[in-house]
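*Asks:* Dropping a structure here in structure tokens format, bear with me for questions.
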Amino acid sequence: MTRFSAFLLALTLGTSLATTGCNAREPGKQTVSTVPQAGQPANPRVLIETSKGNITVELFPGNAPLSTENFLKHVKAGFYDGSIFHRVIPGFMIQGGGMLPDMTEKARGTPITNEADNGLRNLRGTLAMARTGEPHSATSQFFINVADNHFLDHRGKSLEGWGYAVFGQVVDGMEVADAIVSVPRGNRGPHQDVPLEPVVMHKVTVIE
């Protein structure tokens, strides 16, 4: 298990029934606008080409500028190309962006400030930064929520309450995320919920 804390694992197990109950096909609605302000460019979009199909995500620089900049930096450097979705949990999320098919971890880079206090909620289809138990430890890894995971939302600036920063939304290919979360999975060394057959991000690019 990488980049998610033991606290999050316990929380996940402890709320599994509630999470499964939130696994509706239609996500909840954000209460914070993600539309760019007047005079600002359109929100950037990124294409994630995987071995299961393509996923297009829209990023929210107006709401999460640091997370968006960090993600785009990794995309433009080709960092995600060849990496995998290494942790998938039905009724919860798919996580990737830092491991290779042999489960070798890529260089983490510099952690960024947690932007989970931006008002965006971890709803189905949202893109959020993965991290360790330390709130401001996110680097390259991210996850896509496949359910409305309200327990990941910001509740306060404490170790337990910081939450996980949402910085984007799937706009096309959510069925691919659903297919990924449904693949057979098991353990590989210390890592749990690993797809038995690697789900590879062949190429991740900014859509011009």
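*Asks:* Within the chain, which complete DSSP H helices have Cα atoms spanning at least 27 Å along the helix axis and a mean Kyte-Doolittle hydropathy of 0.0 or higher?
*Replies:* Span-like helices in the chain: none at all.
*Asks:* A further question follows. May I ask for log10 I(q)/I(0) of region 61-206 at q = 0.15, 0.18 Å⁻¹, from a Debye sum over the Cα atoms as equal point scatterers with solvent left out?
*Replies:* The Debye formula, applied to the Cα set alone, gives -0.73, -1.08.
*Asks:* By its C-alpha gyration tensor, with a ≥ b ≥ c as the square roots of the eigenvalues, how is region 169-208 shaped: rounded for a/c under 1.5, else prolate for a/b larger than b/c, else oblate?
*Replies:* Taking the square roots of the gyration eigenvalues as a ≥ b ≥ c, region 169-208 is prolate.
*Asks:* How fast does region 142-208 diffuse by Stokes-Einstein, in µm²/s, taking the Kirkwood radius from C-alpha pairs at 4 °C and 1.567 mPa s?
*Replies:* Numbers: Rh = 14.7 Å.
My calculation gives 88 µm²/s for D.
*Asks:* What is the sum of charges, Lys and Arg at +1 and Asp and Glu at -1, for the other residues whose Cβ falls under 14 Å from the Cβ of T113?
*Replies:* -2
*Asks:* If you average the alpha carbon positions of region 115-180 and of region 34-64, how far apart do those two centres end up, in angstrom?
*Replies:* 15 Å
*Asks:* On a straight-distance basis, which lysines could pair with K106 in a cross-link, Cα separation under 25 angstrom, same-chain partners fewer than 8 positions away excluded?
*Replies:* K52, K73, K76, K203
*Asks:* Would region 104-151 count as rounded, prolate or oblate if I go by the C-alpha gyration tensor, calling it rounded below 1.5 in a/c and otherwise prolate when a/b exceeds b/c, oblate otherwise? Don't skip to the end; give the middle numbers.
*Replies:* Numbers: a/c = 2.53, a/b = 1.52, b/c = 1.67.
Oblate, since a/c reaches 1.5 and b/c is not below a/b.
*Asks:* Also, I was wondering about something else. Would you mind finding the longest exposed-site-free stretch of the chain, with exposed trypsin sites (Lys or Arg not before Pro) meaning DSSP loop and at most 12 other Cβ atoms within 10 Å?
*Replies:* For trypsin sites (Lys or Arg not before Pro) (loop position, at most 12 other Cβ atoms within 10 Å), the longest site-free span of the chain is 30-156.
*Asks:* Run the quick spin-label model on E197 and L47: label points 7 Å from Cα toward the beta carbon, then report their separation in nm to one decimal.
*Replies:* 2.4 nm
None of the figures in this text is laboratory data; all of them are computed from the coordinates on show. Computed from a predicted structure; not experimentally measured. Here Cβ is always computed from backbone atoms with ideal geometry, including for glycine, and neighbour counts include all displayed protein chains.
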